[in-house]
Amino acid sequence: MEFLRRAYLRFADLAKELAKFGTIGGIAFLIDTGGFNLVQYGLHQGPLTSKVASTVVATTFAYFGNRYWTYRHHEQSGLAREYFLFFLLNAVALLIGLLCLGFAHYTLKLTDPLSMNLANLVGIGLGTLFRFWSYKKWVFLAATEEVPKELPDDITRAR
């Protein structure tokens with residue numbers, strides 16, 4: 001029975017974490033896709049330049065959303081370290097997106113807005129899978145100790 005209880009608790013925690021990660025990711029997705037279209041079709045920049053610009057803005061939002069909401073219960077190993085790793089891993093995810101866009105645009109010669117947005121969505125999907133795995137593994141580390149829910153007996157007796 002204890003095994004089932006632990007498995008349930010672990011699954012429940014993962015489900016909450018996935019829901020928060022998904023919420024932040026959904027907002028970042030809107031920033032990324034909207035920014036991509038704005039820069040490419042509104043400001044008439046190329047697809048790769050547009051992707052880099054939209055991803056930088058979306059990634060900055062996602063960092064703060066994940067740090068202070070999704071993974072707030074995880075250890076904080078220093079803002080500079082986390083931010084550096086977060087952006088390094090997002091650069092890898094950006095590269096995945098750029099490869100999808102570049103392949104569609106320059107290799108397949110699919111330059112219409114629908115094709116570009118589909119290639120962007122494929123890149124975002126693959127990058128999201130990479131980010132979820134890598135954030136948890138390297139950026140937002142799990143806490144090493146359970147945070148006490150009540151004061152230790154020694155402290156309560158001293159009062």
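The values are calculated or read from the model by the stated rules, or taken from the named source; none is laboratory data. Every value quoted in this text rests on a predicted model; they were computed, and no experiment measured them. In this analysis, Cβ positions are derived from the backbone assuming ideal geometry, glycine residues included, and neighbour counts consider all displayed protein chains. All accessible areas refer to the heavy atoms of the entire protein, side chains included, with ligands and DNA or RNA removed. Shrake-Rupley method; radii C 1.70, N 1.55, O 1.52, S 1.80 Å.
What to note about this one:
- Solvent exposure of the range 6-64 as accessible area per residue, Å², 1.4 Å probe: 56 Å²
- Maximal additional length on extending the residue 30-residue 84 stretch stands at 17.1 nm, based on 0.36 nm per residue less the C-alpha distance.
- Solvent exposure of the range 81-120 amounts to 54 Å² per residue of accessible area, where only protein heavy atoms count and the probe is 1.4 Å.
- Stretching residue 91 away from residue 1 to a fully extended chain increases their span by 28.0 nm, per 0.36 nm per residue minus the current alpha-carbon distance.
- For the range 1-103, the set of trypsin sites (Lys or Arg not before Pro) satisfying both a DSSP loop assignment and a count of at most 11 other C-beta atoms within 10 Å is given as 72.
- Pairs over the 20 Å Cα-Cα cut-off, from the set 51/137; 51/136; 16/137; 20/137: 51/137; 51/136.
- Total formal charge among the other residues, if their Cβ is under 14 angstrom from that of residue 129, Lys/Arg +1 and Asp/Glu -1: +3
- For the range 1-118, with all protein chains in place and a probe radius of 1.4 Å, 74% of the accessible heavy-atom surface sits on carbon or sulfur.
- Rounded accessible area of residue 57 (nearest 10 Å², 1.4 Å probe): 90 Å²
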